[in-house]
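The values are calculated or read from the model by the stated rules, or taken from the named source; none is laboratory data. Nothing here was measured: the structure is a model prediction, and the numbers come from that model. Heads up, the Cβs are rebuilt from the backbone with ideal geometry, glycines too, and the neighbour counts pull from every protein chain shown.
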Amino acid sequence: MTTYLIKNGATFSQIYQDVGIAKSSTSSLLNGMVAHGLLRQDADKYYLGLRLYEFGNKAVEQYDIKKIALPVLSDLRDKTNLTCHLGVLQGSSPIYLTKLESPQAIIIRSWEGKRLSLHSSGLGKSLNGLVNR
């Protein structure tokens, strides 16, 4: 279900089939999630709601490592003129906690909360190297 919701929304039928509970229970849960902003409904599909975005931002704010690392990241960015990221490994996926943009014109398309591939991202390779020492 989460793959459908994240990529391009999910229909009631897709969600119902994935969760494997009664249609009435699925409907009640979806209605409650929409009412609380966890999901939004547009036409015949459900999408992630803005309340989840708020929760995600709060979760990132609660990482003490972000507060501790920010001065170091700022210094690194200022000395290298490169975009700097801070991330953690959640399960087998790295996630950006924060990003400090480079003053250069080159922009890296990334954002806080972005989940990455372990083997095809710089952050993933770095974290994988630390874990597999």
Restricting segment 97-133 to residues that are modelled with pLDDT of 85 or more and touching a Leu at 6+ places or on another chain (Cβ under 7 Å), the residue that is farthest from residue 53 (Cα to Cα): 102
Output yes when any residue across segment 71-87 is part of a loop (DSSP other than H, G, I, E, B), farther than 26 Å from residue 121 by Cα and either of a type outside the set (Gly, Ala, Ser) or touching a residue at least 12 places away in the same chain (Cβ under 8 Å) (or both), and no when none is. no
Could you list, ordered by first residue, the pairs with Cβ atoms under 8 Å in which the first is in segment 22-49 and exposed (fewer than 12 other Cβ atoms within 10 Å of the Cβ) and the second is of a type in the set (Lys, Arg) and at pLDDT below 95, at least 6 apart or interchain? 36/51
Would you confirm whether any residue within segment 38-59 is more than 20 Å from residue 114 (Cβ to Cβ), of a type in the set (A, V, I, L, M) and in a helix (DSSP H, G or I)? no
Residues of segment 62-88 being surrounded by 14 or more Cβ atoms within 10 Å (Cβ to Cβ) and modelled with pLDDT under 85, which ones? 63, 66
